Structures are given as C-alpha cells and as structure tokens.
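Take a look at the structure below.
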Amino acid sequence: QAQLVESGGGLVQAGGSLRLSCAASGSIFGIAAMGWYRQAPGKQRELVASISRGITNYADSMKDRFTISRDNAKNTVYLQMNSLRPEDTAVYYCYAYILPWGDSWGQGTQVTVSS
C-alpha cells in the first residue's frame, strides 16, 4: 500500500500565502501524476492543479496565483498559494496515481482565509 500525507494548511489573512506539501510513502513502483483538489463546504470537490511528466494544469481561477511543483526524488508535490482570497477557504486534498495501486488520496488539510 501507499499513503499520501499532506501538511502546510492553516489560517491566513486575505492576500497572504501558504505552501502545501504532500509526500507519498509506502510500496511505490512509480507515480504517474500528482495534484491538488479542494472542497469547500456545500460544494463539490474541484481540481486546483495537477502535474504529470513536467506538464502542469491549473483551474482558471487559480493559475495566476498558485504554483504546483514536484520533487520526484522525494515523491513529493507542493502547492504554493499566493494572493489568497476568502473564497479559497476549503479542505485541500492531495491526489496521486501511484503504481501499482492506482488512485490515491490524502486525508486533506484545511486552508482558511480570513477577510
């Protein structure tokens, strides 16, 4: 089995920054893709950003403020979030497609942006 462990969430004022980290561990043959999703109260989970083979993809509302990066040697993905807004408040989930297990999710980390 493999696990994803997130860190870096917290409370920040509007306009501030946070950096999320997610490390994969366990029995890993390879990681095809990694990314971040978020879910706000009463809303569906949505894609924030993903990275696969160096190619990044962002939700339109976040691509100018958030940056996803990956350290393959550490099996870790990062999300640098700048210019945070109250509407960015959500639980952020790490995602990875881990070989041979398939889709894997972290437990989620809360990000709260105060106005």
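The values are calculated or read from the model by the stated rules, or taken from the named source; none is laboratory data. What you see is a predicted model, and the numbers here were worked out from it, not measured in a lab. Heads up, the Cβs are rebuilt from the backbone with ideal geometry, glycines too, and the neighbour counts pull from every protein chain shown. Please note that ligands, DNA and RNA were not included when accessible areas were found on the heavy atoms of the full protein model with its side chains. Shrake-Rupley method; radii C 1.70, N 1.55, O 1.52, S 1.80 Å.
Brief remarks on what is shown
Residues are listed down the side, and each one gets a yes or a no for (1) surrounded by 17 or more Cβ atoms within 10 Å (Cβ to Cβ); (2) at pLDDT below 95; (3) out of contact with any Ser or Thr (no Cβ under 6 Å at 6 or more places or on another chain):
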site: Gln1; (1), (2), (3): no, yes, yes
site: Ser17; (1), (2), (3): no, no, yes
site: Ile28; (1), (2), (3): yes, yes, yes
site: Glu46; (1), (2), (3): no, no, yes
site: Gly54; (1), (2), (3): no, yes, yes
site: Ile68; (1), (2), (3): yes, no, no
site: Ala73; (1), (2), (3): no, yes, yes
site: Gln80; (1), (2), (3): no, no, no
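- Test: Ser61 is within 15 Å of Leu4 (Cα to Cα) and among the small types (Gly, Ala, Ser): no
- Considering only residues in the range 90-105 that are of a type in the set (Ser, Thr, Tyr) and surrounded by 19 or more Cβ atoms within 10 Å (Cβ to Cβ), the one that is nearest to Ala2 (Cα to Cα) turns out to be Ser104.
- Count of residues meeting criterion [closer than 17 Å to Gln44 by Cα and either without any contact (Cβ under 8 Å) to a residue 24 or more places away in the chain or among the small types (Gly, Ala, Ser) (or both)] in the range 88-105: 1
- For the range 60-79, the criterion of a residue being in contact with an Asp or Glu (Cβ under 7 Å, 6 or more places away or on another chain) and at negative phi is satisfied by no position.
- Among the residues of this structure, Met34 does not count as one that is at pLDDT below 95 and in contact with a strand residue (DSSP E or B) (Cβ under 8 Å, 6 or more places away or on another chain).
- When residues of the range 56-66 are limited to those that are open to solvent by less than 60 Å² (accessible area, probe 1.4 Å) and not hydroxyl-bearing (Ser, Thr, Tyr), the one nearest to the chain's Cα centre (by Cα): Phe66
- Gly35 meets the stated requirement of being open to solvent by less than 20 Å² (accessible area, probe 1.4 Å) and not hydrophobic (A, V, I, L, M, F, W, C).
- Boolean, Gly42 is surrounded by fewer than 17 Cβ atoms within 10 Å (Cβ to Cβ) and out of contact with any Asp or Glu (no Cβ under 7 Å at 6 or more places or on another chain): yes
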